[in-house]
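Comments concern the structure below.
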């Protein structure tokens with residue numbers, strides 16, 4: 001089964017910055033030689049994750065608010081005690097969301113729902129340059 005790996009990078013602001021990466025992933029899938037298969041999207045690192053959401057301001061704000069309620073920034077984290085970098089909340093948030101997502105495609109088009117976009121969520125406590133790896137199998 002053929003596999004093709006690609007990557008791209010982007011700037012993220014941290015603090016639950018939600019970045020729509022759908023068009024980049026769709027471009028990688030559509031420019032390849034495989035008509036049908038799966039695309040896995042992966043973000044290396046332990047303070048960001050990948051998921052899907054309707055990428056509109058209300059849903060994005062709701063996601064940010066829910067993450068803040070579930071995993072507050074201003075509580076004690078052992079990671080902060082050990083390393084002093086203040087991003088313990090970022091690691092916990094990213095671990096729960098997860099670093100990857102797999103999307104099927106057919107006819108070189110992602111099989112996403114009408115209002116479903118692929119997003120990278122950067123939880124770190126500072127701006128970061130993020131690399132995204134897309135592996136296409138078909």
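On C-alpha positions alone, give me the angle between the axis of helix 88-97 and the longest principal axis of the chain, in degrees, nearest 10.
Approximately 30 degrees, to the nearest 10.
Order 42-53, 78-89 from most to least packed using the mean count of other Cβ atoms within 10 Å. Before the final figure, lay out each step's value.
On the way: 42-53: 18.9, 78-89: 14.2.
Highest to lowest by the protection proxy: 42-53, 78-89.
What length, rounded to one decimal in nm, is gained on full extension from residue 64 through to residue 85, with 0.36 nm per residue of separation minus their alpha-carbon distance?
On the way: separation 21, 0.36 × 21 = 7.56 nm, distance 2.14 nm.
Extra length from residue 64 to residue 85 when fully extended: 5.4 nm.
Under a no-solvent Debye model with one identical scatterer per Cα of the chain, what's log10 I(q)/I(0) at q = 0.09 Å⁻¹?
With one equal scatterer per Cα and no solvent, log10 I(q)/I(0) is -0.29.
Restricted to Cα positions, what overall size does region 1-81 have along the principal axes? Three whole-Å values, descending.
49, 32, 22
Quick check on the chain: helices-only [θ] at 222 nm, where DSSP H runs of length 4 and up contribute -39,500 (n - 2.57) each and the sum goes over total residues. Nearest 500, please. Show your work: numbers first, answer last.
Working: 4 runs with 39 residues, N = 138.
Helices in the chain give a 222 nm mean residue ellipticity of -8000 deg cm²/dmol.
For helix 57-70, what angle does its Cα long axis make with the longest principal axis of the chain, in degrees from 0 to 90 and rounded to 10?
It is inclined by approximately 50 degrees.
Readers should treat all values here as calculations from the given coordinates under stated rules, not as data from a laboratory. If you're wondering where the values come from, they're calculated on a predicted model, not measured in any experiment. Backbone-built Cβ (ideal geometry, glycine too); neighbour counts: all protein chains shown.
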